[in-house]
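The values are calculated or read from the model by the stated rules, or taken from the named source; none is laboratory data. Note that this is a predicted model, so its numbers are computed, not measured. Note that we place each Cβ from the backbone using ideal geometry, even for glycine, and neighbour counts take in every protein chain shown. Heavy atoms of the whole protein, side chains included, go into the accessibility calculation; ligands, DNA and RNA do not. Shrake-Rupley method; radii C 1.70, N 1.55, O 1.52, S 1.80 Å.
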Amino acid sequence: MIKPSIRIIALSFISASMMISSIAALQLRTFSSSSFAGVARRSLPRIVETASSTTMANRKKESFGTSTSIFSRAISSTALKMSIADTNLGSTEEGSALLEGLDVYTVPASGDEHPLTIYGIDSTTPKQLSEANASSNLRPILLLHGRTWSSVPVYHLHLGTSDHESRSLMESLLESGLQPYAMDFRGFGGTPSDHTGCVEPNRCVEDVETALQWIAKRHGLDSTHADDTYGLLHAEMPVLLGWSQGALVAQLVAQKSPELISKLTLYGSIYDPLIRYPRAPLFQSANSASGTEIIENCLDSAMEDFTVEGTIPPEAALCFGEAALIADPIKAIWTHLYQFNNLEPARVHVPTLVVAGDQDPYAPMRVQAELFTNLGDGADRTWSILADADHAVHLLDGRERFTKILTNFVMNGIGRRSK
């Protein structure tokens, strides 16, 4: 078992002027959970300040300075600097308990420098790639969450039981020889909402590109050499995994920026070629709903992905539900879903794993077969079906099967890809 610890590392301050909206205010409420009452409380996370993003771009190694309280907000004359501390996950005792064992980084998004929260585990001193240590180097992999719940409850779940049972996929991947990272989209978990208050697919794609470039730089990788199909550098570029709606975002990234990844995993993808998302009307009356009304998440919706009897104990399902509500008490508002209409499996030309449970109601076999068979020619591809499993295979009692399939795919050589 990995010893719990909390490290929160802020890589930059944000220079955009932002206001805390009513959504953010609701996100900062304290959530009481009986299942977490038995979890030992440790000291609150710390933020360790580092150089600005422009300075960091000129440095190969990070240099960490003085620490400040997680509740403090540094305010300049023109900007309110935001981070995970401005979310329910980073500002409450219950949220801090969910972060135990994780390294938490704040990375500025390209373009608007919005603060993106990225999670690592045992990652503060990443191994640098070289010819000498390539075979033993931990392969980096970035995990993307789905439509409703953020990365910490989804990928780093610890049960509030006396034996502190772990269902953390990040821990399992680390123990299997990978270096896992996860990120939260805007308005989810530890990443504050931006000025729009909404989540947009294309913006998610750009933020994932930022995260991939940041991970590659930490591990001494250089995407400018990625056109060498069988070269060492490209073989070790981060692997990208997306779950559920996050798989749609991951596929868009692979179509747009294949040089940033070495392999792709589409896990429980909800891709369906028969679905076309409509555009919003160009004109609406002043009395029309704004589409940004606040909707609170509920416990039942948090547990609705568990559908196969006997695959997860009630206590574990309840623990996930309560953790999900702590991290994401307010439903994130997705907009411009028509951008997913640009999904074309034939444009994916990186080694790809398609994996889902055989009883996943959101990823039926018919659609998974069409997704797999239409992936671009010239690249290795694997399709795995897990028996007696639904949408959240990685949280079920048989989750070791999923971890082994994913690890074998990532570690199994370089993987042929199209030029």
task = Would you check if there is a residue in the stretch 344-352 being in contact (Cβ under 8 Å) with a residue 40 or more places away in the chain and surrounded by fewer than 17 Cβ atoms within 10 Å (Cβ to Cβ)?
result = yes
Output for Cβ contacts, cut-off 6 Å, separation at least six or different chains, first residue more than 28 Å from Gly90 (Cβ to Cβ) and open to solvent by 50 Å² or more (accessible area, probe 1.4 Å) in the stretch 123-151, second assigned to a loop (DSSP other than H, G, I, E, B) and at pLDDT 85 or above, reads Gln128/Gly220
Per the filter on the stretch 377-387, residues modelled with pLDDT under 95 and surrounded by fewer than 16 Cβ atoms within 10 Å (Cβ to Cβ) are Asp377, Gly378
Counting only residues that are open to solvent by less than 10 Å² (accessible area, probe 1.4 Å) and not polar (S, T, N, Q), the stretch 188-222 contains a total of 15
Residue count, the stretch 339-349, condition under 21 Å from the mean Cα position of the chain (by Cα) and more than 21 Å from Met365 (Cα to Cα), comes to 1
The condition of being open to solvent by 30 Å² or more (accessible area, probe 1.4 Å) and touching a residue at least 12 places away in the same chain (Cβ under 8 Å) holds, among Asn374, Asn412, Asn408, only for Asn374
The residue that is nearest to Asp122 (Cα to Cα), considering only those in the stretch 154-171 that are touching a strand residue (DSSP E or B) at 6+ places or on another chain (Cβ under 8 Å) and either β-branched (Val, Ile, Thr) or modelled with pLDDT of 95 or more (or both), is Met170
Gly321: passes all of (1) outside any loop (DSSP other than H, G, I, E, B); (2) open to solvent by 10 Å² or more (accessible area, probe 1.4 Å); (3) free of Cβ contacts under 8 Å to residues at least 60 places away in the same chain but (2)
Filtering the stretch 189-213 down to residues that are at positive phi and assigned to a strand (DSSP E or B) yields none
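Taking the condition hydroxyl-bearing (Ser, Thr, Tyr) and within 24 Å of the chain's Cα centre (by Cα), does Thr352 pass?
The answer is yes for Thr352.
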In the set Glu293, Glu315, Glu259, the lone residue that is outside any helix (DSSP H, G or I) and open to solvent by 60 Å² or more (accessible area, probe 1.4 Å) is Glu293
Of the candidates Leu248, Leu252, Leu241, Leu266, the one satisfying the condition of being in a helix (DSSP H, G or I), in contact with a strand residue (DSSP E or B) (Cβ under 8 Å, 6 or more places away or on another chain) and either of a type in the set (Asp, Glu) or modelled with pLDDT of 95 or more (or both) is Leu248
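Counting only residues that are part of a helix (DSSP H, G or I) and open to solvent by 10 Å² or more (accessible area, probe 1.4 Å), which one in the stretch 324-339 is nearest to Gln245 (Cα to Cα)?
Looking at residues that are part of a helix (DSSP H, G or I) and open to solvent by 10 Å² or more (accessible area, probe 1.4 Å), I get Leu337.
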Note on Asp390: of the conditions (1) open to solvent by less than 10 Å² (accessible area, probe 1.4 Å); (2) not in a loop (DSSP other than H, G, I, E, B), unmet is (2)
